[in-house]
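Peer 1: One structure, as structure tokens, below. Some questions next.
The values are calculated or read from the model by the stated rules, or taken from the named source; none is laboratory data. All values derive from a computational prediction rather than experimental measurement. In this analysis, Cβ positions are derived from the backbone assuming ideal geometry, glycine residues included, and neighbour counts consider all displayed protein chains.
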Amino acid sequence: MTEKQLSHRLSYLLRHAPHTAGLTLQPGGWVPLVPLLAHLNVTREQVERVVAACDKQRFALDGERMRANQGHSVPVDLELTPQTPPAVLYHGTFPGALPAIRREGLRPMKRHHVHLSPDMETARRVGARRGPAVVLTVRAERMHLAGWLFYRSENGVWLVDGVPAEFLLEP
């Protein structure tokens, strides 16, 4: 299995289908490393290389346990505490999503939260997965003052339950 394949498999198991490997997400989203390695038939060193090489820092290793930092579609308590966001955050998307976003704002879809980036370049990279990206500016400070809770994952991604359209600015 290549490192890219292992990364995809880890994302799938830790974010969407831990049950398929006989795993249960513990508080914080952690799973024991030994059964995960056994299920994937890989070594700890292989997993450590994937974790170290992941530019988006999707995973965390802590001793004998591992987790995905965010992006879950299965129930999980990531044990994040609300934080005060910066004045603005960014969300990268593709042009075809704009009509729905203008009507409904940003929704988490099948995930727990909407993911926001602290800088435009990261948002542009995230949004470019489906072609040319559109970067939206989120008025995070205004949202926070209106009562919305923001969380910051271990890898710097900001998470929020949703972003109403009135808090979005288009380029």
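Peer 1: Mind listing whichever residues of region 21-65 are of a type in the set (D, E) and under 22 Å from G156 (Cβ atoms)?
Peer 2: Across region 21-65, the qualifying residues are E48, D55, D62.
Peer 1: Quick one: count up the residues across region 64-100 that are under 18 Å from the mean Cα position of the chain (by Cα), over 26 Å from A17 (Cα atoms) and hydroxyl-bearing (S, T, Y).
Peer 2: Qualifying residue count for the region: 1.
Peer 1: Within region 32-57, track down each residue that is within 30 Å of R124 (Cβ to Cβ) and not charged (D, E, K, R).
Peer 2: V47, V50, V51, A52, A53, C54, Q57
Peer 1: Here is a further query. Quick one: would you say V47 is part of a helix (DSSP H, G or I) and of a type in the set (V, I, T)?
Peer 2: So V47 passes the test.
Peer 1: Moving to a separate point now. Based on this model, can you work out whether Y90 counts as crowded, with 16+ Cβ neighbours inside 10 Å, more than 30 Å from V31 (Cα to Cα) and of a type in the set (F, W, Y)?
Peer 2: Yes, satisfied.
Peer 1: Tell me whether region 38-57 contains one or more residues that are at pLDDT below 90, more than 21 Å from A17 (Cβ to Cβ), surrounded by 17 or more Cβ atoms within 10 Å (Cβ to Cβ) and not assigned by TED's automatic domain parsing to the domain that holds E141.
Peer 2: No, region 38-57 contains no residue that is at pLDDT below 90, more than 21 Å from A17 (Cβ to Cβ), surrounded by 17 or more Cβ atoms within 10 Å (Cβ to Cβ) and not assigned by TED's automatic domain parsing to the domain that holds E141.
Peer 1: Moving to a separate point now. Tell me yes or no: at least one residue of region 64-81 is free of Cβ contacts under 8 Å to residues at least 12 places away in the same chain, assigned to a loop (DSSP other than H, G, I, E, B) and among the aliphatic types (A, V, I, L, M).
Peer 2: No, every residue in region 64-81 fails to be free of Cβ contacts under 8 Å to residues at least 12 places away in the same chain, assigned to a loop (DSSP other than H, G, I, E, B) and among the aliphatic types (A, V, I, L, M).
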